[in-house]
């Protein structure tokens, strides 16, 4: 069966520090991968999605970047965090070429101080 | 533009009472439709999905949803709410092929004793 792992679960980082959040999927190949952010009391904002290795699409201009160095690995990064980067970050995957909905990871709570 | 609307930000239901959460979509064609549930600090879990066919779909945890094309709605229902159902519920929609799900802003369900 397919599983998605996301870590760390919580992170407190000072303003201006770098960020790296990792997401991996097991039990499938060539998944579509997604990064979402959920700010307090707000809905889900799609940040990035990827349909293959090295293929990244950005949905909103921001202080963050994403990379997909391996088929089932998706990384969210920042060189210098801002206070506004605080939030709950969710990774998700879906089968390529089909719409069966997303499977989400358990999320990372990022607090920038 | 494609959109999903959840008109209720908060809903409070007494334990044992019935529940209906509203979802309306705006798409060029009939989209695929989903309901997700999110417990505090957790990722999103798929409750049910509609692709085609029977307009009443059954999901996990005793939930069901009805697709009404004439009303562009996909409302979530449960006949008897349990305290453990308190969570945030998201409606989402997508198209065939590779797609990015469009999420509603969520409805927070509170269950009173």
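The values are calculated or read from the model by the stated rules, or taken from the named source; none is laboratory data. Owing to the predicted nature of the structure, the values given are computational and were not obtained by experimental measurement. Here the Cβ positions follow ideal geometry from the backbone for every residue, glycine too, while neighbour counts run over all protein chains shown.
Return the residues of the stretch B:1-31 that are within 12 Å of the chain's Cα centre (by Cα) and outside any loop (DSSP other than H, G, I, E, B); say none if nothing qualifies. Break it down into steps so the answer makes sense when it comes.
Initial filter on the stretch B:1-31 (within 12 Å of the chain's Cα centre (by Cα)): B:4-8, B:19-25.
Answer for the stretch B:1-31, where residues must be within 12 Å of the chain's Cα centre (by Cα) and outside any loop (DSSP other than H, G, I, E, B): B:4, B:5, B:19, B:20, B:21, B:24, B:25.
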Next on the checklist: Looking at residue A:9 and the list (1) closer than 23 Å to residue B:108 by Cα; (2) modelled with pLDDT under 90, which single condition is not satisfied?
Outcome noted: (2)
Checklist outcome for this item: Scanning the stretch A:35-46 residue by residue, the ones that are crowded, with 19+ Cβ neighbours inside 10 Å, out of contact with any helix residue (DSSP H, G or I) (no Cβ under 9 Å at 6 or more places or on another chain) and more than 11 Å from chain B (Cβ to nearest Cβ) total 1
Next on the checklist: Against the definition (surrounded by fewer than 21 Cβ atoms within 10 Å (Cβ to Cβ), at pLDDT 90 or above and within 14 Å of chain B (Cβ to nearest Cβ)), how does residue A:51 come out, yes or no?
Outcome noted: yes
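Just checking, which of B:71, B:45 is at pLDDT 90 or above, surrounded by fewer than 16 Cβ atoms within 10 Å (Cβ to Cβ) and within 14 Å of another protein chain (Cβ to nearest Cβ)?
Values: B:71 fails: within 14 Å of another protein chain (Cβ to nearest Cβ).
Testing whether each residue is at pLDDT 90 or above, surrounded by fewer than 16 Cβ atoms within 10 Å (Cβ to Cβ) and within 14 Å of another protein chain (Cβ to nearest Cβ) leaves just B:45.
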Checklist entry - For the subset of the stretch B:52-63 comprising residues that are within 14 Å of another protein chain (Cβ to nearest Cβ) and exposed (fewer than 15 other Cβ atoms within 10 Å of the Cβ), which member is modelled with the lowest pLDDT? => result B:52
Item to check | Tabulated pairs, the stretch A:10-35, first at positive phi, second at pLDDT 95 or above and loosely packed, with under 12 Cβ neighbours inside 10 Å, C-beta under 6 angstrom, 6+ apart or interchain | outcome: A:16/A:80
Checklist entry - If you go through the stretch A:56-111, how many residues are away from chain B (no Cβ under 13 Å), crowded, with 21+ Cβ neighbours inside 10 Å, touching a helix residue (DSSP H, G or I) at 6+ places or on another chain (Cβ under 8 Å) and not in a loop (DSSP other than H, G, I, E, B)? => result 0
